[in-house]
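Below you'll find the structure, written out as structure tokens, and then a few comments.
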Amino acid sequence: MRSRSRRSSPSRRAALISLCTAATLVWLAFSNLGVALPTIATELNVNLTDMQWANNALSIACGTLLLAGGRLTDLHGHRKMLLLGLVIFGVAALATAFTPNLAGLIAGRALMGAGSALILPATLAMIPALFERTEQPPAFAAWAAATWAGQAVGPAIGGTLTTLLGWRSLFWLTAPVVLVLYVVTKRHAPEAHRGRGRVDLFGLVTGAGAALCLLFALTEGQQVGFSDPLIIALFVATAALTVAFVFVELRITDPLVDLRLFRTRSFDGALIVNLTMNMSFAGTLFVLSLYLQDVRGYSAFAAGLLLVPAAGTILVFNAVGARIVTRHDARSPSIWGLVLVGVGCFAISALLPSLSVLAVILGLLIIGVGLGILSVPVADTIVGGPPVALAGAASGLYKTSSMLGGALGVVLLTAATTRFGRAEAAPVSTAAGLTEAESNQVVNALTNSQTATAVLDKLPANERSLVIEAYHQAFSDGVSTALVLGGVIAVIGTVLAAWIWPRQRKGRDPRQPRQT
């Protein structure tokens, strides 16, 4: 039950600013590593598939632990869990800054993900505790604007810091920001009523295990092949663990996820929109950052700046989405926003061969409009609609779909890029004298990385130039194919959400609490 005490307006504003900044910091950490991957891959001498684990470690860890984080928020209070999450996040970031190898980078990013799994549901669930139902859309709009801005400008910030101070600055500069947030949150964020119960450990193990098996199979399948017995076994384990998770959650007294939430079709529809939107957007940003650096030859700084345009349209149309959900309903802006995400992906794919960088900017502007329109309606439906006592669990589900959607999108679009490129470039590299294993090694790396250079240096200069040109063309075509996949994912999400999510009945006040 929500506390009835209200802070003064200045305190509420300070608390909201702290929540938004904490969420922004998390999303910066999610998105700023992408443009630094070529630099890190060169320094640590690892391939592209290995770097996917470094990129995805934070989102995988966060996505698998968010349900537990949401439950802990409901049980122990938003403020306490937010402070704990900030401590974990800051310490992990500082430790990662001094890691000597890929294993340390992956471990550090995973621990940052564990801290994020407490920060994100706590910041979201605190909004219903701070604001009345009619006041929540503007608060969700501020939160959404902060998180999308963090994700959109993350590549630019990551590229700037990587160019000026080195990639390790992405981590050690986080510590002082976390310290300031900790102090502000401790002073202004309200204490929340604590619930009763416990964390469902069996549900946590089965849910997290299902996510890990799925993501590991998708990532490693690119290397060893999806017909490999281990990969098939992992897919089977994913299905078995998912069934076990649902079976337990339906019968346990204190479930990790209260499945009553799924009885509301609008909640289910909003989750589908959120999942597919993150798959399309995260995968698109990842492959475009690699394309701009490896094929177009831009620095990490320049590539990051070219990925910023989405931020402007997200911030502008975020306010539009908030106004629509306040005056009308959440379904229409959510559905049409996802349509625009798909249109943006298709536009980049179609225009990339002829317009190149201009196609990237134009497509990201369209995607940004869609993301801005749908963000507040989706968050308001998922987090603001259910009873306040379930706000933490709802927030955990909301961000779980975001994290897993983003990780799946990166894996799927990268797989489409590399597998298409491998098939197209293989004849040229084989004719030049590379073996099939060496050809695959170059495709799984980047042509300017140490791994690829070691293979390509075996060739004569003229043959080497031809092979590099062939790989660049293949990578470009692979990115175009991957972006079609990103658009298809958005279209599928649109159709499913439109089918499941009921239209708002005329005469009903959309600001009234939804029944579950």
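Condition first: at pLDDT below 70, surrounded by fewer than 16 Cβ atoms within 10 Å (Cβ to Cβ), out of contact with any helix residue (DSSP H, G or I) (no Cβ under 9 Å at 6 or more places or on another chain) and assigned to a helix (DSSP H, G or I). Can you find one or more residues in segment 486-498 that meet it? For segment 486-498, residues at pLDDT below 70, surrounded by fewer than 16 Cβ atoms within 10 Å (Cβ to Cβ), out of contact with any helix residue (DSSP H, G or I) (no Cβ under 9 Å at 6 or more places or on another chain) and assigned to a helix (DSSP H, G or I): absent.
Considering only residues that are modelled with pLDDT under 80 and assigned to a helix (DSSP H, G or I), look in segment 368-393 and name the one that is farthest from Gly312 (Cα to Cα). Applying the filter and picking the extreme gives Ala389.
Counting only residues that are under 16 Å from Ala393 (Cα atoms), within 25 Å of the chain's Cα centre (by Cα) and assigned to a helix (DSSP H, G or I), segment 228-266 holds 5 of them. Filtering segment 76-90 to residues that are modelled with pLDDT under 80 and open to solvent by less than 10 Å² (accessible area, probe 1.4 Å) leaves only Gly77. Exactly one residue out of Leu315, Leu285 is touching a residue at least 40 places away in the same chain (Cβ under 8 Å), hydrophobic (A, V, I, L, M, F, W, C) and open to solvent by 60 Å² or more (accessible area, probe 1.4 Å), and it is Leu315.
For segment 66-80, the candidate set comprises residues that are of a type in the set (A, V, I, L, M, F, W, C) and out of contact with any Gly (no Cβ under 7 Å at 6 or more places or on another chain); within that set, the residue that is farthest from Gly221 (Cα to Cα) is Leu72. Only residues that are out of contact with any Gly (no Cβ under 8 Å at 6 or more places or on another chain) and open to solvent by 40 Å² or more (accessible area, probe 1.4 Å) were counted in segment 320-356, giving 10.
The values are calculated or read from the model by the stated rules, or taken from the named source; none is laboratory data. What you see is a predicted model; the values in this text were computed from it and never measured. Every residue, glycine among them, receives a Cβ derived from its backbone with ideal geometry; neighbour counts consider all protein chains shown. All accessible areas refer to the heavy atoms of the entire protein, side chains included, with ligands and DNA or RNA removed. Shrake-Rupley method; radii C 1.70, N 1.55, O 1.52, S 1.80 Å.
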